[in-house]
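Each value in this text was obtained by applying a stated rule to the coordinates, not by laboratory testing. What you see is a predicted model; the values in this text were computed from it and never measured. We place every Cβ from the backbone using ideal geometry, glycine too, and count neighbours over all the protein chains shown.
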Amino acid sequence: MKFSWRVLALWTLPALVIGFFFWQGAFANAPADMGKNAANTRMTYGRFLEYLDADRVTSVDLYEGGRTAIIEAVDRDIENRVQRWRVDLPINAPELINKLKTKGISFDAHPMRNDGAIWGLLGNLIFPILLIAGLFFLFRRSSNLPGGPGQAMNFGKSRARFQMEAKTGVKFDDVAGIEEAKEELQEVVTFLKQPERFTAVGARIPKGVLLVGPPGTGKTLLAKAIAGEAGVPFFSISGSEFVEMFVGVGASRVRDLFKKAKDNAPCIIFIDEIDAVGRQRGAGIGGGNDEREQTLNQLLTEMDGFEGNTGIIIIAATNRPDVLDAALLRPGRFDRQVTVDAPDIKGRLEILQVHARNKKLDPSVSLEAIARRTPGFTGADLANLLNEAAILTARRRKEAITLREIDDAVDRVVAGMEGTPLVDSKSKRLIAYHEIGHALVGTLLKDHDPVQKVTLIPRGQAQGLTWFSPSEEQGLISRSQLKARITGALGGRAAEEVVFGPAEVTTGAGGDLQQLSGMARQMVTRFGMSDLGPLSLESQQGEVFLGRDWMTRSDYSEAIAARIDAQVRAIVEDCYETAKKIMRDRRTVCDRLVDLLIEKETIDGEEFRRIVAEYTEVPEKNQYVPQL
């Protein structure tokens, strides 16, 4: 916390005042001249009466309304010298005054001070005053913060960021790899700049555009590019900023947002992660006045209600279109759904060229080879890949990014950080046989992807890795390719059983078995690649949504379920027998490759295929294998 002298003074001064009041309160009831007449010695009331009867008391001064007395008496123990004592008198002692008069002793009563009540009142008021002052100070400090107590009346106001001319620094030239989506959104920008081109033929611009795609594909980047190109007022907000814990706040913010947008039309409203507020209604299981549903109802009304929203174009982004309400997706609200998917090889090359502008690459680095090496990577993944390569280059004190940094960055992004190399042991040899089993089976199967490299360097949770590199985009996968992938995944388990025996099979194939079981079940239940015939027995669903998938029913009977399990088992067993046969027939080349892998720890794909070709014929896969 930052030190502040003003805060220190604010709390130090009241502390001193409180201490002064307590000190004053402690002596408020003391007699005015107690200081000069005070006695150092106390005397009991009984002894005081004895001295009084013995005529040894010379004078008495009464204080505090008769509760305390300062007496002067002759002390025979000290040569009859007059001494002063303090005596605490009982409350009910009326005979004392009579006795003093009878003895002829001089006495005097001193009145109490009258300012005790004033100090007591001030002492009682000081704490509430300080409390009110502290609260006022805190409210004043927080009044300028978003959502602070000083802005309690602004809960219903929209929190959308507004820019009259959005200067995001992003243009369509900065967005690569998603040309189809750019073309769709370019029409929106053209309509905002030159609406007469569309209105002349009776066309109207879509009221809403929904960007759909997995995370990292560039949906928000596209919205920034539209804002940078259009040159019109731009509102940006997240779907989660509509809903608060207070009832009616979300709907009020929607109304305020569209009111501001109508005042600045034509304009663009961008709602990021709209699934936070646009989920299907009725998901509460039991009804009730759901605040999120009321916010969605208000959004539906504003987008295409009785008044309409002329001149307002709404762009929204989500990666969960399956949970959005049907009323939100209909034409008139979101007329277009633009899919922003993972880029193909051409798109990845364009993305790499964009992100390589400010990177210092070695002339030997081929962006096309990187694009071929990274199927399934999104734009965010490719940006992170080049950034990791640049970090590794700086760490190794090199002047430019080389092929080695690119290769290590791909491995780190896909598999995780590099671990400590394994020491020579039985475990290292077993892992080497496991990885060589994957690579050897994949190399000898015609329909399997080619091997990129085999390594014993641990990464993430894996003690060893075998990389396969598909060289072309595979939108459609054949039955033979799926079986080849299952067989290749079983190659490691088959090598362990053939070389070390069934008793030495390890848990290293756990992840492989989970992956291949899913592929085999999809072959039977979704793709019709089994003896059950061309039937789709299970629908492809994403994550379970409570409002829709609460009650699920099976699409087939228990008898069909048993046949599905049998077919899955038959596919996996057939592939496993094929993998074990390959390992038994190619044991010699397998042992040589294991010795080489233990020695070098990494074997690239070209060297691996060259060694295998010395012992047996390697099937031609008709695929380009990139070498980094």
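Quick notes
- The simple spin-label model puts a point 7 Å past each Cα toward its Cβ; for LEU535 and LEU121 those points are separated by 9.5 nm.
- For segment 345-415, the extents of the C-alpha atoms along the principal axes are 31, 25, 17 Å, listed from largest to smallest.
- Label-reachable residues, segment 46-72, where backbone N falls under 20 Å from a point 7 Å from VAL82's Cα toward its Cβ: 48-63, 69-72
- 3J(HN,Hα) from dihedral phi, segment 431-438, Karplus parametrisation 6.51/-1.76/1.60, rounded to Hz, x for glycine, proline: 5, 5, 5, 4, 6, 5, x, 4
- Between ARG67 and ILE97, the distance separating the two model label sites (each 7 Å from Cα on the Cα→Cβ line) works out to 1.8 nm.
- Rounded to two decimals, the Cα-based Rg/Rh of segment 161-339, with Kirkwood Rh, is 0.96.
- Rounded FRET efficiency, nearest 0.05, which uses the C-beta distance separating ASP256 from PHE136 and R0 of 22 Å: 0.15
- Available extension along the chain between ASP424 and THR310 is 33.8 nm, counting 0.36 nm per residue and deducting the alpha carbon span.
- Shown is the FRET efficiency for ARG336 and LYS398, computed with R0 = 30 Å from the Cβ-Cβ distance and rounded to the nearest 0.05: 0.05.
- Over the Cα atoms of segment 362-479, the radius of gyration divided by the Kirkwood radius equals 1.00; this is the Rg/Rh ratio.
- Within segment 161-339: Cβ-based charge dipole about Cα centre, in debye rounded to nearest 20 (Lys, Arg +1; Asp, Glu -1): 260 debye
- ARG161-THR199 FRET efficiency (beta carbon distance; Förster radius 41 Å; 0.05 resolution): 0.85
- With a threshold of 26 Å on the Cα-Cα distance, the over-threshold entries among LYS346/LYS483; LYS224/LYS262; LYS219/LYS398; LYS171/LYS360; LYS428/LYS453; LYS346/LYS600 are LYS346/LYS483; LYS219/LYS398; LYS346/LYS600.
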